[in-house]
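What follows is a short report on a single structure.
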Amino acid sequence: MNTASSTTAAPTPAERAARQTEVVQALGRVVPAHALLWHSEDTTPYECDGLTAYRQRPLVVCLPETYDEVQAVLQVCHQLQVPVVARGAGTGLSGGAMPHALGVTMSLAKFNRILDINPESRTAVVQCGVRNLAISEAAAPYNLYYAPDPSSQIACTIGGNVAENSGGVHCLKYGLTVHNVLKVKGFTVEGEPVEFGSAALDAPGYDLLAAVIGSEGMLAVTTEVTVRLIPKPQL
């Protein structure tokens with residue numbers, strides 16, 4: 001999700017170094033030091049997602065650990081007009097997690113908790129860094145599972161699935177991510193908390209949830225997702 005328009009010319013080493021120092025100092029006031037990476041050997045693993053033909057080392061990588069830190073990072077970057085790219089597991093093949101040369105890559109991998117499994121309503125509330133397959137594993141004792149199953153489901157995160165509207169072999173019968181997600185919580189580019197959809201079967205107003213899912217993080221940074229669970233087929 002970009003908080004500023006892309007520049008057409010590549011920055012000079014001096015411009016990049018000056019901007020990097022400014023951004024690191026600003027972010028250092030809102031997140032712990034260990035949550036910031038900016039040396040080349042630390043940021044190289046984040047230079048691309050599964051589409052390895054295109055690479056760009058980010059200016060800074062930030063790994064927030066709380067929702068407040070996510071909000072603070074977005075607010076700081078918005079004030080400094082620094083582009084922000086949200087990143088899940090980096091398994092995507094569309095370049096959705098491609099860094100910006102003068103931007104911050106915000107990894108959400110530490111948000112990996114399953115918050116609730118409700119077998120009565122057949123729903124699960126999970127943080128954005130929870131692996132796709134982990135949802136089905138947690139729901140298995142209730143004879144339920146999460147239907148969308150991209151080929152990278154053992155590693156990909158639900159936040160990335162929301163960003164890419166991921167599918168899989170089950171999508172012909174059960175639909176894509178957009179058909180199996182009830183609610184998304186997150187933050188806007190300015191750091192304002194936002195919520196799309198509802199835990200109910202339907203919600204009043206425009207279907208903004210469908211617009212957010214598949215937007216590659218351009219409309220909001222996802223932090224929590226409520227998904228629909230499906231009964232396992234009877235043998």
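The values are calculated or read from the model by the stated rules, or taken from the named source; none is laboratory data. Quantities reported herein were computed from a predicted structural model and do not represent experimental measurements. Every residue, glycine as well, gets a Cβ built from its backbone with ideal geometry; the counts of neighbours run over all protein chains shown.
Give the stretch 155-180 a look and list any residue that's closer than 14 Å to Gly214 by Cα and assigned to a loop (DSSP other than H, G, I, E, B), or say none.
Asn165, Ser166, Gly167, Gly175, Leu176, Asn180
Read through the list (1) surrounded by fewer than 15 Cβ atoms within 10 Å (Cβ to Cβ); (2) within 26 Å of Cys156 (Cβ to Cβ), then give the number of the only condition that Ser40 fails.
In the conditions (1) surrounded by fewer than 15 Cβ atoms within 10 Å (Cβ to Cβ); (2) within 26 Å of Cys156 (Cβ to Cβ), Ser40 misses (2) alone.
For the structure I just gave you, tell me whether Ala140 is surrounded by fewer than 21 Cβ atoms within 10 Å (Cβ to Cβ) and over 30 Å from Pro83 (Cβ atoms).
Yes.
Select from the stretch 189-213 the residues that are surrounded by 17 or more Cβ atoms within 10 Å (Cβ to Cβ) and either in the same structural domain as Thr66 (by TED's automatic domain parsing) or under 30 Å from Pro141 (Cα atoms) (or both) and list them in ascending order.
Phe196, Gly197, Leu209, Ile213
If you scan the stretch 215-235, which residues turn out to be modelled with pLDDT of 95 or more and more than 13 Å from Thr188 (Cα to Cα)?
Passing the criteria: Glu224, Val225, Thr226, Val227, Arg228, Leu229, Ile230, Pro231.
Per-residue answers, yes or no, for (1) hydrophobic (A, V, I, L, M, F, W, C); (2) in contact (Cβ under 8 Å) with a residue 40 or more places away in the chain:
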| residue | (1), (2) |
| --- | --- |
| Glu69 | no, no |
| Pro83 | no, yes |
| Ala109 | yes, yes |
| Asn118 | no, no |
| Gly129 | no, yes |
| Asn132 | no, no |
| Ile135 | yes, yes |
| Asn143 | no, yes |
| Tyr146 | no, yes |
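Within the stretch 181-209, can you find the residues that are within 17 Å of the chain's Cα centre (by Cα) and assigned to a loop (DSSP other than H, G, I, E, B)?
Within the stretch 181-209, Thr188, Val189, Glu190, Gly191, Glu192 qualify.
So which of Gly160, Gly92 is within 16 Å of the chain's Cα centre (by Cα), farther than 14 Å from Gly186 by Cα and in contact (Cβ under 8 Å) with a residue 60 or more places away in the chain?
Gly92
Give me the pairs, please: first residue somewhere in the stretch 25-36 and under 12 Å from Leu63 (Cα atoms) and in the same structural domain as Glu69 (by TED's automatic domain parsing), second residue anywhere and of a type outside the set (A, V, I, L, M, F, W, C) and surrounded by fewer than 18 Cβ atoms within 10 Å (Cβ to Cβ), beta-carbon distance under 7 Å, and either six or more positions apart or on two chains.
Ala35/Glu65; Leu36/Gly28
Could you please find all residues in the stretch 44-60 being touching a residue at least 40 places away in the same chain (Cβ under 8 Å) and β-branched (Val, Ile, Thr)?
Val60, the sole residue that qualifies.
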